1. Please state which one of Tyr567, Tyr555, Tyr551 is out of contact with any His (no Cβ under 6 Å at 6 or more places or on another chain), among the hydroxyl-bearing types (Ser, Thr, Tyr), surrounded by fewer than 21 Cβ atoms within 10 Å (Cβ to Cβ) and modelled with pLDDT of 95 or more.
2. I'd like to know if region 156-167 contains one or more residues that are open to solvent by less than 10 Å² (accessible area, probe 1.4 Å), in a helix (DSSP H, G or I) and out of contact with any Phe, Trp or Tyr (no Cβ under 7 Å at 6 or more places or on another chain).
3. Restrict the check to region 486-500 and report whether at least one residue is crowded, with 23+ Cβ neighbours inside 10 Å, farther than 30 Å from Cys443 by Cα and at pLDDT 95 or above.
4. How many residues are open to solvent by less than 30 Å² (accessible area, probe 1.4 Å) and touching a Leu at 6+ places or on another chain (Cβ under 9 Å) when one looks only at region 436-470?
5. Quick one: is Ser241 closer than 17 Å to Ile335 by Cβ and either among the acidic types (Asp, Glu) or at pLDDT 90 or above (or both)?
6. Just to be sure, is Val503 open to solvent by less than 10 Å² (accessible area, probe 1.4 Å), assigned to a strand (DSSP E or B) and among the hydrophobic types (A, V, I, L, M, F, W, C)?
7. Within region 323-345, does at least one residue satisfy the condition of being on the phi > 0 side of the Ramachandran plot and in contact (Cβ under 8 Å) with a residue 60 or more places away in the chain?
8. Restricting the search to region 529-540, which residues are at pLDDT 95 or above, closer than 25 Å to Pro415 by Cα and surrounded by fewer than 23 Cβ atoms within 10 Å (Cβ to Cβ)?
Amino acid sequence: MRRLLAISLVAALPLSTMTAAHAQEPGDRQQAFAAAAEEFQVPESVLLGVSYLESRWDGHAGQPSGDAGFGPMHLTDAAAFTGSNHHHEGSEDARGDESRPLPVTSPPAPADIPASLRTMEKAAELTGETRERLRTDPAANIRGGAALLADHQKALGAPLSDDPAEWYGAVAKYSGAEEAGAAKFFADEVYATIRQGAQRTTDDGHRVSLPAVPDLGKIERWLEKLKLRPTRTDGVECPASVSCEWIPAAYEQLPNDDYGHYDLANRPVSQKIDYIIIHDMEGYFLPSIRLNQDPNYGASWQYSIRSSDGHIAQHIKAKDIGWQAGNWYVNAKSIGLEHEGFLAEGGTWYTEAMYRSSARLVRYLAQRFDVPLDRAHILGHDNVPGTLPSTVQGMHEDPGPFWDWAHYFQLLGAPLHQVGGPGSGAIMIKPDFATNKPYFYGCDRANPSADCPPLSAHTVWLRTEPREDAPLVKDIGKHPTGESLYSVYDHSARASTGQRFAVADRQGDWTAIWYLGQKAWFHNPADAPTAVPSKGLVVTPKPGKATVPVYGRAYPEQEAYPEGVPYQAVTPLQYTFSAGEKYTLGGPAATEYYRAVTYDLADHQVVRGRTKYLQIQFGHRVMYVKADDVLVMPSG
């Protein structure tokens, strides 16, 4: 994520004030699809199917101009953007190992914006609509998408038929993919949706349905006329059901005994893979993957996933270690996935095609490496802890509040659900994504202090008292001398979907959880709950211990290090928790340090210790405690 903007604190506002200012009068989205389909002679089922794969029919409140991926048809308007191209800049060291610190790098601005990110221009030409209306008016946006589909169909020499099967080539072209595998994946997913049907309520309250068309007959593919390049699949570690190619990251020996820009390993033989980390690029697909091919660039990751069609590029073998999470302990035990897009405009970039492709990849990796499909092991970059007190403040915030964790876990085949009944001693955060639209500011690059439009989010605000105008809880690591912010880039006082916390108190429509050593209240009314009961184990300080330290990594004790391997200090973070507090248990954490500071794999080794650590959900990020400091008990 790019360097956080210096933004003034926004005063606490009542929830009613935050939402009422952005209230909109919804129109008839279903009718807009029908009218556009008729006008441009596109089968309505095809138009609905394409839109579902791009946005699930959402409008995303007409996100600020200058960004890509607008409206129900995901019309793209990225040509004017010249900002930074990747989130691995700023104060976070992506490798996260102070024994071999990396210099801060600033990647260049993208020099080439592909045509797939400039479809707004063509839609404006075909429809006569202004770009502003195409961005902000869902009906105009749908007209633009229908016009593009019809234009693709004509370019293929295919008929403007009312038979959905005849439109396969135009649908593949709409993906913007240049690879045959990616275009085919997108079109196949659209047609699978048409066959199965779909219905949902959009982010702005429209009920839209796509009746199932189970018998499509023979699909006329027309793919050979698209002149797409073959996808390079040799050596990829991906499920067969996605479009995936091998674009290797650079691994080179550099001057002065340096090398870049990942580490060789032999996982899972050398170390078990425990985590899969979800990132967003804060940039575009092609420029970002080129950074992964530069050995001098101080970050790397295993997979990149494209927004428009879900196409995947693998850069590093799963056995090797990418420099991606800013925490060397987590890097050594994780696989990193970068998703094209920008945190503040997440909903416009996180397409259904991207969610489906990413979820299939994560499920494949989780099954292969025995990674639990839960929010203690499928982490956002924003859930990874700092390694030392000095690194906490600079840790990254992606993929941000607009990533739909509940939908993602549904696609993973591991839906987040209630366990237990009312009065449970633990809860899982789970607001309704479509209707949960908390206040944020900072979504508009041109006006970073402006309020964000009301956008669906997975997060709830945490307050010091059970009332809407109470201050946000503090994060002494993120803001040592200041207050938590309502910025879209600040998670200090936010809990996210799927995260489990121990209940500290209840009062009316409010629930308190233990969070960063304090009670944190969130609005959780019975008629519109933002959390569900959850059973499991919790930890609390052992009798006689007034406070318990927490750690950002589970490193071995000094006696475990062999001669020639420098001791890595076991340094507590700035947080502690006190007797009476409880935190949910994510599981045991392996006590390991992977020593890798040379180009030669033969010089690398794993140091294992006897100290036992446990992973807990301590705040927005996971952290670790020593097992000897705590008791483990049922949540009740």
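The values are calculated or read from the model by the stated rules, or taken from the named source; none is laboratory data. Since the model is a prediction, treat every value here as computed from it, not as a measurement. Backbone-built Cβ (ideal geometry, glycine too); neighbour counts: all protein chains shown. Ligands, DNA and RNA are excluded from the accessible area calculation, which covers all protein heavy atoms including side chains. Shrake-Rupley method; radii C 1.70, N 1.55, O 1.52, S 1.80 Å.
1. Tyr567
2. yes
3. no
4. 9
5. Values: closer than 17 Å to Ile335 by Cβ: no; either among the acidic types (Asp, Glu) or at pLDDT 90 or above (or both): yes.
Here the answer is no, as Ser241 does not meet what is asked.
6. Values: open to solvent by less than 10 Å² (accessible area, probe 1.4 Å): no; assigned to a strand (DSSP E or B): yes; among the hydrophobic types (A, V, I, L, M, F, W, C): yes.
No.
7. Pass one, region 323-345, residues on the phi > 0 side of the Ramachandran plot: 326, 341.
Now restrict to residues that are in contact (Cβ under 8 Å) with a residue 60 or more places away in the chain: 326, 341.
Checked against the condition, which is being on the phi > 0 side of the Ramachandran plot and in contact (Cβ under 8 Å) with a residue 60 or more places away in the chain, region 323-345 yields at least one hit.
8. Pro529, Thr530, Val532, Pro533, Leu537
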